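Structure first, commentary second.
Where a number appears in this text, it was derived from the coordinates with a stated rule and is not lab data. Everything quoted here is computed from the prediction, not taken from an experiment. Note that each Cβ is placed from the backbone with ideal geometry, even for glycine, and that neighbours are counted across all protein chains shown.
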Amino acid sequence: MGKIGLCFVNPAPQIQPGHITTAARKCEAMGVHSFWVIDRIAYDNLEPFTVLAAASAVTEKIRIGTSVLLAALRHPTLLAKTVATLDLLSRGRVTLGIGFGSRENDFTAVEIPFHGRGSRAEEALRLMKRLWTEEGVTHRGRFFQVENLTVGPRPIQSPHPPIWMGGSAEAVLRRVARLANGYICGSSAIQDFPSLWEKISGLAISAGRNPQEIEKAALTFMAIDENRAKAVDACAAYVQRYYGKVRMDVEKHLLVGAPEACAEKIRSFFSKGLDTLIIGAATPDLKQLDLFGDKVLPLLKP
């Protein structure tokens, strides 16, 4: 069995102050590997680095990460400083999962062009890596120009926090193969993960990299309920709110139903070759985390 992370996905209107710190403490107490958060701009989610800073302050062991951050929406100098600060505050527990964006309104909200977003994010990532590890950085690129720039702090992790990437487009898979320390597969593609990974592996080898050095991860969503129909409805409601439509077979692709059914589906996901499974609770009820820790996790132990 691989590693399990839990992802905070609930929008602001559904939660109360204290929800984040309580959830983070519960995740650490139940012994999961990591605590994650999503990123949007034109949506009522919480700002991800603020969430992770709060989570890191009340935990000591679990890793914290973004699944996934829209890197193109931030200037790389500011993003490098923010990530390094979080890595320092958490004593080196950050994983930076980045995505390239599929909704134009997130970009127009901060006056960043939607066109060229992948190239912008890739250039930003290359510049960030230099800012994390070098002094007096000069960069003259298509999107960013800096001159003799040194920023701090340095990340705790050396040479920098691991960079994971999410998405399934061909261009994304090529970037994963060339640049990423990990790949985050979307929920609707987990069933096809072996073929996706075969493609990434081939691209990585062509780029002169060892694909075994790339973490294999996936993000899915969960609703635990003995009434399977209620669980399906809860996940469908989250998907509808977030994506604007239910674009997948919820029963097939997500974790829904009784604890035993969720545990069985988790095992089937790991059988596809995953190292890490990131699970977002589709409803804000913290009892979902208790059910997961008390009823699902024990079924996954050898």
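Counting Lys and Arg as +1 and Asp and Glu as -1, what is the net charge of the other residues whose Cβ lies under 15 Å from the Cβ of ASP192?
It works out to a net charge of +1.
Among residues other than ARG40 whose Cβ falls under 15 Å from its Cβ, what is the net charge (Lys/Arg +1, Asp/Glu -1)?
-1
What's the FRET efficiency of GLU260 with VAL58 using the Cβ-Cβ distance as r and R₀ = 51 Å, to the nearest 0.05? Please report the intermediate quantities before stating the final value.
Values: r = 31 Å, r/R0 = 0.61.
Plugging the Cβ-Cβ distance into 1/(1 + (r/R0)^6) gives 0.95.
Just tell me which aspartates and glutamates come within less than 20 Å, Cα to Cα, of LYS129; anything on the same chain fewer than 8 places away is out.
In chain and number order, the partners are ASP87, GLU147, GLU213, GLU215.
Quote the FRET efficiency, to the nearest 0.05, computed for VAL110 versus GLU135 with a Förster distance R0 of 25 Å and r equal to the Cβ-Cβ distance. Walk me through the numbers on the way to the answer.
Working: r = 29 Å, r/R0 = 1.17.
For VAL110 and GLU135, the calculated efficiency is 0.30.
Can you give the calculated 222 nm mean residue ellipticity of the chain, where each DSSP H run of n ≥ 4 adds -39,500 (n - 2.57) and the sum is split over every residue, rounded to the nearest 500 deg cm²/dmol? Mind dumping the intermediate values first?
Values: 12 runs with 123 residues, N = 302.
The helix-only estimate for the chain comes to -12000 deg cm²/dmol at 222 nm.
Given the pairs LYS199/LYS301; LYS81/LYS199; LYS26/LYS252; LYS61/LYS295; LYS26/LYS272; LYS252/LYS272, which span a C-alpha to C-alpha distance of over 24 angstrom in this model?
Long pairs (Cα-Cα over 24 Å): LYS199/LYS301; LYS81/LYS199; LYS26/LYS252; LYS26/LYS272.
Order these by the 10 Å Cβ neighbour count, fewest first: TRP164, TRP36, TRP197. Walk me through the numbers before you get to the answer.
Numbers: TRP164 26, TRP36 30, TRP197 19.
Least crowded to most crowded, the residues run TRP197, TRP164, TRP36.
If you restrict to DSSP beta bridges whose two residues both lie in the chain, what percentage is antiparallel, to the nearest 5?
If we restrict to bridges inside the chain, about 10 percent are antiparallel.
Tell me, what ³J(HN,Hα) does each residue in segment 198-205 have, in order and in whole Hz, if you take phi through Karplus 6.51 cos²θ - 1.76 cosθ + 1.60 with θ = phi - 60° and put x for Gly and Pro?
4, 5, 4, 4, x, 5, 5, 4
If you take the charge dipole of segment 3-300 about its Cα centre, with +1 on Lys and Arg Cβ and -1 on Asp and Glu Cβ, which of SER119, LEU254, THR283 is farthest toward its positive end?
Going by the Cα projections, it comes out as SER119.
Out of residues 5 or more away from ALA258 or on other chains, whose amide H comes under 5 Å of its own, with H placed 1.01 Å from N in the peptide plane?
Here the answer is ASP225, since their amide H atoms fall under 5 Å of that of ALA258.
Just to confirm the filter: which trypsin sites (Lys or Arg not before Pro) across segment 1-93 are DSSP coil and have at most 15 other Cβ within 10 angstrom of their Cβ?
Qualifying residues, ordered by number: LYS61, ARG91.
Go through segment 114-163 and name the trypsin sites (Lys or Arg not before Pro) that are in a DSSP coil and have 16 or fewer other Cβ atoms within 10 Å of their Cβ.
ARG142
Counting only residues 5 or more places away or on other chains, whose amide H sits under 5 Å from the amide H of ALA180 once H atoms are built in the peptide plane?
Amide H neighbours of ALA180: none.
Tell me the angle of helix 76-89 to the major Cα principal axis of the chain, expressed in degrees between 0 and 90 and rounded to the nearest ten.
60 degrees
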